[in-house]
Amino acid sequence: MEKQFTDIKAHYCFAKSDEELLFQMRPELESHADEFLEGFYEFIWKFGQVAEFLTDEVVIARHRGMIRQWYLDLFGGTFDISYFMKLYKIGEVHVRLGLPTHYVNAAFNYVRIFAIGEIQKHYHEDPGMLDRVKAVEKIIDINLDVLTASYREEEMSHFLGLSRVEKTLLSGLKNISSYFNYLLSGALVLVAFFAVGLFGYDVYLLFSGQIHIEKGILTVLGSLLILWAAIELIHEEMKHLRGGSFAVEVFITLAIAALIRKILIFSLSPEKTTDVLMYGGLVLCLSLSYWVMMQRNTRTKK
Ligand code: HEM
């Protein structure tokens, strides 16, 4: 373990001189600890879902005390095995809580900007300012490295815990699913072309006078709606291929678009009133499902 931590210091070229520089800066940075803490919580609170982890005033107060100590230790001048063990334990606690690693990374961005800002304020006339900034950058990066090590180990242990058969099956399934995704993208592009064809055909019917002008315009509008929904589906699939999640809501918008097209056409025939009402009911149900999904999405983004 000791070797691991000496290696980390060596890889970041963290020398005795860096330790000394950090320790020299302690009084200035300590006098701004309250300001640091205010900004820290204001910053992380914007991530959303923070309240799921920092659940009440007691936990927040405890965390605040711990963050304060952690911040002061950055300038403590002692970076021995027990310092690294403490960092490693913080990482483990975060992993156990299921805290997204992204939150920790983003919080570090605040720490970095705050610390560098303070150094610039206090040492702008010091010719050694750059060395001070470098020392802070190094210790922050080392902290981030150790704090996120537990996350990487968690991921690895999940994968390493699988048997050979499971690993082969997993990579096989991944490959198959990516082939199917490309197939789906191709099919969606084909659907978009069909929608263009439908639009062209509707325009042809309108101009050739084969259908009444009012019905013709509504039909063209309906096919445009379907084309728009098909393009939305392609956009979603592109996002999915880039690693994002697939928004099922888009399928609902496609179904709504198709039903609205039917309603537009049927609305001109008095004998189709029952069909219009039926399709109207379906649109209402689908719109409700769409609304529920959107509400859920906004709640998870908060
Ligand atoms: C710079 C980034 C952060 C540092 C240095 C840090 C530091 C710490 C420390 C020192 C502990 C105590 C570990 C122990 O018990 O040994 C802790 C626990 C915890 N951290 Fe963080 N933290 C950071 C970011 C965050 C963020 C962004 C959140 C929430 C969104 C968070 C939520 C928690 C929670 C809920 C606990 C457990 C608190 C308890 O019940 O005692 N931390 N953290």
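A few remarks follow.
- Cβ-Cβ under 7 Å pairs, at least 6 apart or on other chains, the stretch 104-126 side under 15 Å from Asp145 (Cβ atoms), far side away from the ligand (no atom under 16 Å from the Cβ): none
- Residue within the stretch 51-63 that is near the ligand (Cβ under 8 Å from one of its atoms), in the same structural domain as Asp80 (by TED's automatic domain parsing) and touching a residue at least 12 places away in the same chain (Cβ under 8 Å) present: yes
- Residue in the stretch 257-274 that is assigned to a helix (DSSP H, G or I), among the charged types (D, E, K, R) and closer than 27 Å to Ser178 by Cα present: no
- The residues in the stretch 93-102 that are buried (at least 16 other Cβ atoms within 10 Å of the Cβ), near the ligand (Cβ under 9 Å from one of its atoms) and in a helix (DSSP H, G or I) can be counted, and the count is 1.
- Failed item, numbered, when Asp7 is tested on (1) over 29 Å from the mean Cα position of the chain (by Cα); (2) surrounded by 11 or more Cβ atoms within 10 Å (Cβ to Cβ): (2)
- Hey, Phe79 closer than 24 Å to Lys16 by Cβ, out of contact with any Ser or Thr (no Cβ under 6 Å at 6 or more places or on another chain) and not in a helix (DSSP H, G or I) or not: yes
The values are calculated or read from the model by the stated rules, or taken from the named source; none is laboratory data. What you see is a predicted model, and the numbers here were worked out from it, not measured in a lab. Please note: Cβ atoms are built from the backbone with ideal geometry, for glycine as well, and neighbour counts cover all protein chains shown.
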